[in-house]
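Working notes, beginning with the structure itself.
The values are calculated or read from the model by the stated rules, or taken from the named source; none is laboratory data. Keep in mind it's a predicted model, so treat the numbers as computed, not measured. All Cβ positions, even for glycine, are placed from backbone atoms using ideal geometry, and neighbour counts span all protein chains on display.
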Amino acid sequence: MKYRTGNEIRQLFLDYFESKDHKIEPGHSLIPNEDPTLLWINSGVAALKKYFDGSKKPEKSRFANAQKSIRTNDIENVGLTARHHTFFEMLGNFSIGDYFKKEAIDFAWEFFTDEKYIGFDKEKLYITVHDHDEEAYDYWVNVKKVDPSHMLKTADNFWQIGEGPCGPNSEIFYDRGEKYDPEGLGLKLFYEELENDRYVEIWNLVFSEYNAKDGVRREDYEELPQKNIDTGMGLERLVSVIQDGETNFDTDFFLPIIQQVEKLAKVSYQENKMAYRVIADHIRTVTFALSDGAMFDNVGRGYVLRRILRRAIRYGKQIGIDKAFMFTLVQIVSDVMKEFYDYLPKKVNYVSELVKREEEAFHKTLSNGEKLLSSLIEKNTDGIISGSDAFKLYDTYGFPIELTIEIAKEQDLKVDEEGFKEELQKQQIRSRTQRDDVESMSSQKIDLMNFDQESTFTYDPSLIIATVIGVFKDGESANELTNEGEIILDQTTFYAEMGGQSADTGMMYNDTTQVSIKNVVKAPNGQHLHYVTVKKGTIKKGDQLTVEIDIKKRSRIMSNHSATHLLQQALKDVVGTHITQAGSYVDDQRLRFDFTHYEKVSRQQLDEVEKIVNQKVFEGINVIVENMDITQAKEKGALALFTEKYGETVRVVDMGGYSIELCGGCHVTNTSHIGLVKIISEESIGSGIRRIEAVSGNLAYTNLKAKEETLEEVASLIKASSLTSIKEKATSLIEELQELRKDNKELLQKINSLQAKASLDNVKEINGTNLLVVKTYNKDQASSKQLVFDYRDQLKSGIIVLLNQNQDNLAYYVAVTNDVVSKGIKAGEIVKTINQVTSGRGGGKPDFAQGGSKEMADIDSIISVIEESL
């Protein structure tokens, strides 16, 4: 077995499968595309589910890739064990209805044992199969000549994630030798499936051949009409075996990061390996996630990312790094990985800045939070940190609950997690719309999957006569449609929803039939699938229909789509080149553009963006649409959406060289056709993700006209002579209002002072302390506080309690003069006494406190309990 670098091993795998007639697909973004079931792409197959359930067919039925993945369900094991990671790469080869079990085994065996490739000693390989999969067992033993003593049958070898495609799997293990078997247990480790570092699983072959159904026993699952192969091999684990690293971290993927951290730390790698491994793992995760468009946040994906970074920062403190440092490691990650991920160097500055900001913000609160947690641990006598304390750490100091649990566990303490959840729900801090990190697949719709008749789409919206070549009802073939269903035509002008552009709607008809088209999507084999409602007659295969899209609606969609392209480039010009598209949507009513940016776009910047976009509109730039080779498009400088997959030939939309993008959508032929663009709003939709909504054409004019009418109404209300004098008149009115408020405040203070003097006759003396209780009605908080201070000034010495009734609630304010405070009588304690009567909440300082209750209480009872307490 020859030593190879991690990058060489990845490339060797891809080259091998390319030689076996596999298409090498680029890996997907870590951010799932149109999959609400996942926070992250967390396995090689996660981004390919549409191929396995048959909702879409790949360009080629056999392909391979290297897929970035993130998993955080067992984050506490990262650094503790040899092979746990939050970020890792999966190497996989896939067959969608092409080769199956025997060929998959052949490929794996050749790649591992042939000297041209990995060159493992066959005697060091061990195989597991499902206990009912005799076909796989026989093939390994009788064809590949694997010694039966190296084979293990187990019921656990079955891959399934909910309903849909599933099947038995076969794992390949490598024997790393006695050096990794300190107790000398030998084959017992493999046969009894004990946790160990000697027999390491390095490849898993999944034979997807059954359709799982809820309520159906596994042995009764039906066979899939289309059988698939899904294999997964952890690159970091394979590299560790080949480079003979003690763990995955002792390889060329991690050691450069660890060595850089050693330069910053006061403790060496050998003295605290776990801290170094956590840092090295987590900075890879953060770098790749941010580069793929994720952002730090308090919910969902961003919360996971924030938790990962903060965990690494804490381990940095363990080895003596007390300042922001993680951001300096982003460059190292890029240097190590850029050979394959060539986009990383372009992202280094942007990602480093985001990490630095996050680190600095966390450092401001981390120290105080750790002091509080240490204090809680020292004072703890019952072995449990309360839910309210854990929530305070989370809410005030930014401590993720998982971090509190982890630190507590180190001190043999538990955390009241249920109590924490109750506090969290009460305060409504966390979003209830967070995605679940749960995988799922759909059942295969074989009729649509097998429908491969050619259908063409043309962007020209002119009327055409098309023939119905496919009729379906909920994805199953149908003889005819009398109400609702789906049809495929030999040719169509209806755009299918994709790339953020909504689908066309319209009509199809002939002498006997009329149908409306409510939506259009791509069928598994790429044809446009029209969702129809039959208004008259019936539809069956062979019918000829006149195809008529809603041209006015298409025109408005084109206007909005082209405006979106101009908007994106203008944002890059004004706000910064780091701007990356994070989503978009265009229909006939508006355009929406989401982008990565770490702060609010200023009013001045938005005005400049809008000005530039309209300049390009008024210049009347011809919009050129060309199909070209992907390499040519990149050389031309075409902007591509990172999360999208592009073929060898791409469609390029060029607006006079100002905006050049890869895009399959519908566009105007000249920017002047857009008419006008008006930005309606700019807002945050998550940490680091901003959204702009805008309108174009007639709707932009309508929006401006509505604002003009509003200004005219305002001018009339404030009696401005014209629209141009509104600002001057409004400024004058504001100044006048401020003067009136000032006069009103002075008058109110005089009234309060007079009331205070008049109320001194109601002062009671209790145990040598003056007590004045005042009842008021419907005052606001500011007035009430000022009034209680005025009473205190008049009283000179004593306690003032102001009870303010406001509709169906009660507020109370307590002020205590300094001489009374020195006697040990505190305003906060008096408020707590009142709370007992009102079932209210509140507190404060010794000289002033306040509280309130949503329930009305008997005033005499309140006065009585105060007097009793004194």
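The single condition from (1) within 23 Å of N744 (Cβ to Cβ); (2) out of contact with any helix residue (DSSP H, G or I) (no Cβ under 8 Å at 6 or more places or on another chain); (3) among the polar types (S, T, N, Q) that S822 fails is (1). It is to be established whether one or more residues within the stretch 634-650 are farther than 30 Å from E25 by Cβ and either of a type outside the set (A, V, I, L, M, F, W, C) or part of a strand (DSSP E or B) (or both). No, that holds for no residue.
Taking only the stretch 808-845 into account, find how many residues are loosely packed, with under 14 Cβ neighbours inside 10 Å and among the polar types (S, T, N, Q). Count: 4. The set of residues in the stretch 74-83 that are part of a loop (DSSP other than H, G, I, E, B) and modelled with pLDDT of 80 or more comprises V78, G79, L80, T81, A82, R83. Has the stretch 135-151 got at least one residue that is among the β-branched types (V, I, T) and assigned to a helix (DSSP H, G or I)? Scanning the stretch 135-151, I find at least one residue that is among the β-branched types (V, I, T) and assigned to a helix (DSSP H, G or I), so the answer is yes. Among the candidates V348, V336, V261, the residue that is of a type outside the set (K, R) and under 19 Å from N7 (Cα atoms) is uniquely V336. Taking residues in the stretch 253-282 that are hydroxyl-bearing (S, T, Y), and partners anywhere that are in a helix (DSSP H, G or I), the pairs with Cβ atoms closer than 6 Å and at least 6 places apart or on different chains are Y269/I258; Y269/E262; Y269/Y276; Y276/I258; Y276/V261. Would you mind stating whether S69 is surrounded by 17 or more Cβ atoms within 10 Å (Cβ to Cβ), under 30 Å from T287 (Cα atoms), of a type in the set (S, T, Y) and at pLDDT 85 or above? Here the answer is yes, as S69 does meet what is asked.
Can you find even one residue in the stretch 152-170 that is touching a helix residue (DSSP H, G or I) at 6+ places or on another chain (Cβ under 8 Å), closer than 19 Å to R237 by Cα and not in a loop (DSSP other than H, G, I, E, B)? Within the stretch 152-170, one or more residues are touching a helix residue (DSSP H, G or I) at 6+ places or on another chain (Cβ under 8 Å), closer than 19 Å to R237 by Cα and not in a loop (DSSP other than H, G, I, E, B). Taking T287, is it among the β-branched types (V, I, T), outside the structural domain of N349 (by TED's automatic domain parsing) and at negative phi? So T287 does not fit the description; no.
Would you pick out the residues in the stretch 105-142 that are among the acidic types (D, E) and under 22 Å from Y191 (Cα atoms)? D121, E123, D131, D133, E134, E135, D138, listed by residue number. Within the stretch 37-60, is even one residue modelled with pLDDT under 95, hydroxyl-bearing (S, T, Y) and touching a Pro at 6+ places or on another chain (Cβ under 8 Å)? Checked against the condition, which is being modelled with pLDDT under 95, hydroxyl-bearing (S, T, Y) and touching a Pro at 6+ places or on another chain (Cβ under 8 Å), the stretch 37-60 yields at least one hit. Looking across N228, N204, one residue alone is modelled with pLDDT of 95 or more, in a strand (DSSP E or B) and buried (at least 21 other Cβ atoms within 10 Å of the Cβ). It is N204.
Table: residues versus (1) crowded, with 19+ Cβ neighbours inside 10 Å; (2) outside the structural domain of K124 (by TED's automatic domain parsing); (3) modelled with pLDDT of 95 or more; (4) in contact with a helix residue (DSSP H, G or I) (Cβ under 8 Å, 6 or more places away or on another chain).
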residue	(1), (2), (3), (4)
E236	yes, no, yes, yes
E271	no, yes, no, no
I279	yes, yes, yes, yes
H282	yes, yes, yes, yes
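All conditions but one from (1) out of contact with any Pro (no Cβ under 8 Å at 6 or more places or on another chain); (2) of a type outside the set (A, V, I, L, M); (3) under 25 Å from A694 (Cα atoms) apply to Q514; the one that does not is (3). Answer with yes or no whether V330 is more than 23 Å from K266 (Cβ to Cβ) and either without any contact (Cβ under 8 Å) to a residue 60 or more places away in the chain or assigned to a helix (DSSP H, G or I) (or both). So V330 fails the test.
Of the residues making up the stretch 4-31, those that are of a type outside the set (K, R), outside any loop (DSSP other than H, G, I, E, B) and more than 8 Å from A64 (Cβ to Cβ) are G6, N7, E8, I9, Q11, L12, D15, Y16, S19. Can you go through Q794, Q850, Q781, Q805 and tell me which one is closer than 19 Å to L754 by Cβ, surrounded by 13 or more Cβ atoms within 10 Å (Cβ to Cβ) and either in contact (Cβ under 8 Å) with a residue 24 or more places away in the chain or not aromatic (F, W, Y) (or both)? None of the others qualify; the one that does is Q794. Of the residues making up the stretch 211-225, those that are under 14 Å from W159 (Cα atoms) and not in a loop (DSSP other than H, G, I, E, B) are N211, A212, R218, E219.
Applying a threshold of 7 Å to beta carbon distances and a minimum spacing of six or more residues, or different chains, the list of pairs starting in the stretch 35-58 at a residue that is among the charged types (D, E, K, R) and ending at one that is assigned to a loop (DSSP other than H, G, I, E, B) and modelled with pLDDT of 80 or more reads K56/P524; K57/P524; K57/N525. Residues that are assigned to a strand (DSSP E or B) and either touching a Pro at 6+ places or on another chain (Cβ under 8 Å) or acidic (D, E) (or both) within the stretch 95-115 comprise just one, I96.
To keep it simple, each residue is scored yes or no on (1) of a type in the set (K, R); (2) assigned by TED's automatic domain parsing to the domain that holds F420; (3) under 30 Å from N65 (Cβ atoms); (4) part of a helix (DSSP H, G or I).
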site: I308; (1), (2), (3), (4): no, yes, yes, yes
site: I313; (1), (2), (3), (4): no, yes, no, yes
site: G320; (1), (2), (3), (4): no, yes, no, no
site: D342; (1), (2), (3), (4): no, yes, yes, no
site: P345; (1), (2), (3), (4): no, yes, yes, yes
site: V348; (1), (2), (3), (4): no, yes, yes, yes
site: K356; (1), (2), (3), (4): yes, yes, no, yes
site: A361; (1), (2), (3), (4): no, yes, no, yes
site: D389; (1), (2), (3), (4): no, yes, no, yes
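Among the candidates D21, D15, the residue that is acidic (D, E), touching a strand residue (DSSP E or B) at 6+ places or on another chain (Cβ under 9 Å) and free of Cβ contacts under 8 Å to residues at least 12 places away in the same chain is uniquely D15.
Contact map, the stretch 492-518: first residue closer than 21 Å to Q589 by Cβ and in contact (Cβ under 8 Å) with a residue 24 or more places away in the chain, second residue part of a loop (DSSP other than H, G, I, E, B) and of a type in the set (D, E, K, R), Cβ cut-off under 6 Å, separation 6 or more or different chains; pairs are F494/D504; Y495/D504; S502/D587; T505/D550; G506/D550.
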